[in-house]
Amino acid sequence: MKAALFRVYAILLYAYPREFRARFGREMRQAFRERWRTVRAAGQPRQQAEFLLATAKDLIFSSSNERMASMKSTILSGRLWTAARGLGIAALTILVGMLAATPFLQAFVIPTMSMEGSIEQGDHILVNKMVHADQLKRDDLVTFRYPEDREQTFIKRVIGLPGDHIRLIDKQVIRNGRRLVEPYVSHQTSYVDAYRDNFPAGPPAHVPQSGLDMLAHNVVNGEIIVPAGALFVLGDNRDISLDSRYWGFVPRADVVGRPLLVYWSYDAQHSETRWNRTLHMLASAPPAEVEP
Amino acid sequence: MFHILLSLSNEDRHGYGIMQDVAEQTGGGLKMGPGTLYGCIKRMLAAGLIEESGERPDPSLGPGSGEERRRYYSLTPLGRRAVRAEAQRMAEALQAARSKRVLVGGKV
């Protein structure tokens with residue numbers, strides 16, 4: 001909770017112009033942390049709420065002041081585009097910050113490539129927490145608590161709902177006897193791994209206890225049958241994704257919500273914003289189902 | 001801005017130290033957020049009223065955050081003259097207000 005709060009504050013600092021952030025960002029984060037510690041030590045929820053509200057006001061007013069100040073200098077030097085973009089980032093940051101503070105949405109950053117193709121490393125996404133597990137459909141994206149470490153939140157795609165029969169043959173998903181043609185899937189390796197690509201037929205390798213339980217109790221005629229109250233999920237970057245094939249089902253109670261949009265995407269390798277992914281809506285793309 | 005100058009008049013402080021001291025000066029009435037504070041600091045640095053006086057940890061903040069390096073600020077001679085002139089002006093204004101009996105309670 002604490003670390004998440006400091007992270008959110010660090011993200012919100014993008015509301016300030018780049019020079020201001022570079023010069024004072026670290027000190028501002030330190031000051032924010034110290035004040036939060038003092039307020040926390042007092043132990044009054046009301047004071048904590050007042051402090052967060054005051055900080056939000058401080059952010060909105062002072063960041064627009066600093067943006068205006070830096071805009072004056074950029075407009076005068078003819079860099080109108082830079083100024084407009086700067087203001088856009090400030091507005092966006094504040095909007096996202098305010099939305100993410102509601103119980104309906106939550107912001108996450110994608111640190112891995114397991115969904116590459118659909119969701120990139122460095123995507124900052126908002127998740128719609130109003131979507132409950134029983135509203136999820138097949139092929140929807142889903143965020144959930146990782147069963148092996150519930151502190152972590154994962155994002156994958158719903159492949160099987162309760163009652164669905166699932167198996168993989170040579171990397172192809174067969175669901176209820178129909179082969180899925182999944183446009184969103186990418187494969188990084190060409191070789192066929194006996195377990196990963198012919199699941200659940202192949203001999204299990206590196207499968208934790210929860211996965212072994214699934215193999216022991218939920219396999220009928222070489223197919224997984226998804227039990228009641230659970231989801232079977234797979235990553236889109238299928239060859240490198242650790243998913244239900246390895247650690248088993250996601251209990252419905254662990255579903256956090258459905259990813260809604262990418263509000264910002266940062267390419268750390270090239271240190272630049274991916275503008276074409278910013279404000280990109282994450283819709284489900286249903287695969288074609290064909291007879292095998 | 002006056003309160004920030006005043007907080008630096010007796011010792012060098014880092015940003016959070018300034019916030020604490022200003023809150024104390026005003027009986028908790030003026031709580032500046034980091035954005036407002038550093039906006040002021042930026043302008044005061046540009047105006048030559050204050051300057052950076054190095055980075056060092058502040059052990060008084062306790063374990064964990066005490067070891068972290070913090071940037072300290074101090075008054076410049078110009079800043080010292082400014083805070084004195086402003087205090088002088090306020091003292092004179094207070095004198096004038098007293099003579100007109102605008103302060104409630106009478107004894108101020």
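The strands (runs of 3 or more DSSP E) falling completely within the stretch A:110-171 that include 3 or more residues that are modelled with pLDDT of 90 or more and open to solvent by 30 Å² or more (accessible area, probe 1.4 Å) map to A:165-169.
Using the structure shown, decide if residue B:19 is open to solvent by less than 60 Å² (accessible area, probe 1.4 Å), closer than 18 Å to residue A:24 by Cα, under 10 Å from the mean Cα position of the chain (by Cα) and at the interface with chain A (Cβ under 9 Å from one of its Cβ atoms).
Values: open to solvent by less than 60 Å² (accessible area, probe 1.4 Å): yes; closer than 18 Å to residue A:24 by Cα: yes; under 10 Å from the mean Cα position of the chain (by Cα): yes; at the interface with chain A (Cβ under 9 Å from one of its Cβ atoms): yes.
So residue B:19 fits the description; yes.
Checked against (1) outside any strand (DSSP E or B); (2) surrounded by fewer than 21 Cβ atoms within 10 Å (Cβ to Cβ); (3) not polar (S, T, N, Q), residue B:54 passes all but condition (1).
If you check A:7, A:21, A:40, which single one turns out to be under 26 Å from the mean Cα position of the chain (by Cα), more than 9 Å from chain B (Cβ to nearest Cβ) and exposed (fewer than 15 other Cβ atoms within 10 Å of the Cβ)?
Working: A:21 fails: exposed (fewer than 15 other Cβ atoms within 10 Å of the Cβ); A:40 fails: under 26 Å from the mean Cα position of the chain (by Cα).
After ruling out the rest, the residue left standing is A:7.
Here the stretch B:51-86 is the region considered, the condition is being more than 13 Å from chain A (Cβ to nearest Cβ) and touching a residue at least 40 places away in the same chain (Cβ under 8 Å), and the residue that is farthest from residue B:15 (Cα to Cα) is B:86.
Per-residue answers, yes or no, for (1) within 14 Å of another protein chain (Cβ to nearest Cβ); (2) surrounded by fewer than 18 Cβ atoms within 10 Å (Cβ to Cβ); (3) touching a residue at least 24 places away in the same chain (Cβ under 8 Å); (4) aliphatic (A, V, I, L, M):
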residue	(1), (2), (3), (4)
B:6	no, yes, yes, yes
B:10	no, yes, no, no
B:26	no, yes, no, no
B:41	yes, no, yes, yes
B:91	no, yes, no, yes
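A residue that is among the charged types (D, E, K, R) and within 19 Å of residue A:34 (Cβ to Cβ) cannot be found anywhere in the stretch B:83-106.
When residues in the stretch A:43-59 are screened for being touching a helix residue (DSSP H, G or I) at 6+ places or on another chain (Cβ under 8 Å) and within 7 Å of chain B (Cβ to nearest Cβ), 3 of them pass.
The values are calculated or read from the model by the stated rules, or taken from the named source; none is laboratory data. Just so it is clear, the model here is predicted, and its values are computed rather than measured. Methodologically, a virtual Cβ is constructed for each residue, glycine included, from the backbone with ideal geometry; neighbour enumeration extends over all protein chains shown. The protein model used for the area step is the full one, side chains on, heavy atoms only, and it has no ligands, DNA or RNA in it. Shrake-Rupley method; radii C 1.70, N 1.55, O 1.52, S 1.80 Å.
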